[in-house]
Amino acid sequence: MILCDNGLFTLHTKHTTYQMKANEYGVLLHTYYGPRVHDGDLSYLIRYIDRSFAPNPEEAGGSRLFSLDVMPQEYSSCGMGDYRLPSLELELPNGSRSASPRYKSFRVERGKYALEGLPAFRGAAEDETLVIILEDAAAQTDIELYYGVLEDYDVITRAVKVINRGSETVKLRQAASLCLDFQREDLDLITFDGKHVLERCPNRAPLVPGVRSVGSVRGTSSHQHNPFVILCRHDTSEDHGLCFGAMLLYSGNFEAAVERAQFDDVRLVLGIHPHHFCWPLAPGESFTTPEAALCCSKQGFSVLSHRLHRCIRERLLQNPWEKLPNRVLVNNWEATEFTFDAERLMQIAGSAAPMGIGLFVMDDGWFGARNSDTAGLGDWTVNSDKLPGGLESLVPRIKALGMDFGIWIEPEMVNEDSALYRAHPDWAFQIPGRPKVRGRQQLVLDFSRREVRDYIYQALKAVLSSADISYVKWDMNRSLATVWSAALPPEQQGEVYHRYVLGLYDMLDQMRRDFPQVLIEGCSGGGGRFDAGMLYYTPQIWCSDNTDAIDRLRIQYGTSFCYPVCTMGAHVSAVPNAQTGRSVPIETRGVVAMNGTFGYEMDLDQTTEEEKEIIRRQTAFFKEHCGLIQQGDYYRLSDPFQDAPYTAWEQVSQDRREALASVVFGMTHGAPPFLSLRFKGLDPELCYRVNGEGCFPGDVLMEAGWPLPLPWGDYQALQIYLSAI
Ligand code: GLA
């Protein structure tokens, strides 16, 4: 619900309220964001006090009581006496760099706004949009703040459009998607950080004076930091306390910066990273930022995750499940790497089909001269030495096994050892006069250029049209460097990083439109581009190149704060694990991979009869329960970063009639303690069968719990399935 009253703007969702007010000088002040409260003007919270070294804008006349530096702003200025984090920076023709947005007007629209060329939560009839138009008079520029109110999800989306209304070019040096000020001193910041093969590990710390900033200047959202952060009270836990989640729907350079300022007030600014960003706006031109989304819970992180997950599942992902009902997959990568031919693939697929696996994915190595990672990228034609007769021959053979067929691609890349590079060396990012910077022996194609994208897309389209293909794994295996586009003049080089992302989105969108039946899975050396922007196009993303089940507990735990289980690519792989050398029982590997999209990435032909039987049981169990696993409310029952004896999580169906708890023990020690698992989210009034037996009231299972067996051997796992009677 949107209420507008004389410069006061109140947005209500089911359980949250957001408010801002334009003051007498036209400064849009932020008054409140948090749990839902009664209507009313909360601007009484803003104090007009003379503070030393807090400058006063000219409009205030002789008054020293008004200073931007001490008041919560809705979209912060730059260079005008607020020394905290700016949201917007405009460079005028005279070289000045500042921004001074002032309230001009507003409009309310039915439904939710859409953003051209950018991912965004989809709107529905019941949504509303508030647009507040600010103006920077000196820059002759309008700044439109968009708010999408997704009432039922407790999510507020935001985006900003900057429009040059003047007669001279204005350079945009920074344009954040979101600025959020808090007048509270009790906040922790949680960021999700890591590296290749250990992504999205939560790091929580109280805010201390100064700025803490995470982000990426790698051209992708990165393994190192995720464009999702949480601010919460010091005492917030899974089940209690106030917390705020903020995500950016963007897959390129981003920055999430949080400042605890001098009076213990806090500002979060989230958006495209200002590093190497400069976007000249000619008269009449506009720039739209990526979308950001906010969510708040006063009942701890579980409820925050439930709200975000539901919103992502229902309003961001494009129905992946309808496309592939039997999508337990097998991928040949860890089994074969580059060394395979059609017969070897048929061998793996042939042993997978009777185990209930419905999708065969051919990974890297099927095209051009791709026999190692030093050659072939860019040449998207089938290698007929490996696959005689091409996909036209292979795919029907796979289909005859009752399986769907999927294929790996890496469209954004080129090897120097490729026909494409030999023909078009200037299509790869390189700075003239500087040496190349290679990553995995490959260069990055300049996707800001339409002709480059068109060429790659036409080649891929021919491949995807040549056979019955149901799934594509879209990979991206290096960070960008030497970013300079041969197609743009010097004054537009600051656009290239963002244009690259826009080009990527454009091609993904094209592929989705041309091949609506194809499920696209994102990947970037595992989880190097795991963000809500990619999820809009690729409803699942390979979570990590690390398939070690014990490490995956951490990676999937961190990922789950924002992203639902159905988005997390997770497979069972062979032991000893290729990343860690650890051996974990196959039952446990199955339990962990089922907390995701579920599949196998190993040589199934080499498994024993006993393992085959276990795999058959796993695929049957997953298919029976995948609705619950992927759509249920997700509860983290323990934190794998703590030295706990086990890691556990639970899914509860929306009607609370079913639940599945999964438990993975750590290393075993002599004389282990008696441990019980306490369920969450059940209906206290319902009675549940536990693994098909008995009758246990929901309150008993939640308060008294369920005794866990004593583990025998390291890394054992179990699943407990509850169904209401
Ligand atoms: C990346 C992916 C892997 C695999 C290889 C192929 O590392 O994350 O899953 O596809 O590329 O080269």
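The values are calculated or read from the model by the stated rules, or taken from the named source; none is laboratory data. All values reported here derive from a predicted model rather than from experimental measurement. Cβ coordinates were reconstructed from backbone atoms using ideal geometry, including for glycine residues, and neighbour counts include every protein chain displayed. Areas reflect the complete protein model, heavy atoms only, side chains present, ligands, DNA and RNA absent. Shrake-Rupley method; radii C 1.70, N 1.55, O 1.52, S 1.80 Å.
Odds and ends about this structure:
- A dipole drawn for the chain from +1 and -1 charges on Cβ atoms has a positive end, and of ILE230, TYR113, GLY694 the residue lying farthest that way is TYR113.
- Per residue solvent-accessible surface (Å²) - the chain, probe of 1.4 Å: 36 Å²
- Note on SER76: accessible area approximately 0 square angstrom, rounded to 10, probe 1.4 Å, nucleic acids and ligands left out.
- Portion, in percent, of the accessible area of segment 351-409 that falls on carbon or sulfur, probe 1.4 Å: 53 percent
- Shape analysis of the chain yields a ratio of the Cα radius of gyration to the Kirkwood radius, Rg/Rh, of 0.98.
- Span-like helix criteria (full DSSP H runs; alpha carbon extent of at least 20 Å along the helix axis; mean Kyte-Doolittle hydropathy of at least -1.0) are satisfied in the chain by 300-315, 450-465, 496-514, 609-631.
- Anisotropy class of segment 576-699 from Cα gyration tensor, a/c 1.5 cut: oblate
- Net charge in the neighbourhood of GLU521 (other residues with Cβ under 11 Å of its Cβ; Lys, Arg +1, Asp, Glu -1) is +1.
- Taking Lys and Arg as +1 and Asp and Glu as -1, the other residues whose beta-carbon sits under 9 Å from that of VAL131 total 0.
- Using a cut-off of 29 Å between Cα atoms, the listed pairs LYS473/LYS623; LYS399/LYS461; LYS14/LYS623 include LYS14/LYS623 as exceeding that distance.
- Carbon/sulfur fraction of accessible area - segment 182-272, other protein chains in place, 1.4 Å, %: 51 percent
- Rounded to the nearest whole Hz, the Karplus-based 3J(HN,Hα) values (6.51 cos²θ - 1.76 cosθ + 1.60, θ = phi - 60°) of segment 402-412 follow the sequence x, 10, 8, 10, x, 9, 9, 9, 9, x, 7, with x at glycine and proline.
- Packing, taken as the mean count of other beta carbons within 10 Å per residue, orders the peptides 704-713, 414-423 from highest to lowest as 414-423, 704-713.
- Farthest towards the positive end of the charge dipole of segment 114-259, among the residues GLY219, ALA138, LEU249, is the Cα of GLY219, using unit charges on the Cβ of Lys, Arg, Asp and Glu.
- Largest-first ordering by accessible area, 1.4 Å probe, given options GLU658, GLU451, GLU185, GLU116: GLU116, GLU185, GLU451, GLU658
- Total formal charge among the other residues, if their Cβ is under 14 angstrom from that of VAL452, Lys/Arg +1 and Asp/Glu -1: -2
- About the Cα centre, charge dipole magnitude for segment 44-149 (Lys/Arg +1, Asp/Glu -1 at Cβ), debye: 260 debye
- The heavy atoms of ARG51 present about 90 square angstrom of accessible area, all protein chains included, probe 1.4 Å.
- Reported to the nearest whole Å, the Cα centre-to-centre distance from segment 380-443 to segment 260-285 is 37.
- Distance from segment 1-38 to segment 54-113 (C-alpha centre basis), Å: 18 Å
- Cross-link reach list, aspartates and glutamates versus LYS195, counting only Cα pairs under 13 Å and skipping chain neighbours closer than eight places: ASP545, ASP551
- Short-range pairs are left out: with C-alpha atoms under 8 Å and at least six residues apart, the relative contact order of segment 383-494 is 37 percent.
- Pairwise centroid distance, computed over Cα atoms, of segment 598-653 with segment 485-534, Å: 32 Å
- Rounded to the nearest 20 debye, the dipole size of the chain about its Cα centre is 380 debye, using +1 on the Cβ of Lys and Arg and -1 on the Cβ of Asp and Glu.
- For segment 444-485, the spread of Cα coordinates along the three principal axes comes to 38, 22, 9 Å, biggest extent given first.
- Within a straight-line Cα-Cα reach of under 27 Å, LYS104 can be paired with the following lysines, leaving aside sequence neighbours fewer than 8 residues apart in one chain: LYS21, LYS112, LYS161, LYS171.
- Of the listed residues TRP408, TRP279, the order by accessible area with a 1.4 Å probe, largest first, is TRP279, TRP408.
- The accessible surface of segment 602-684, taken with every protein chain in place and a 1.4 Å probe, is 50 percent carbon and sulfur.
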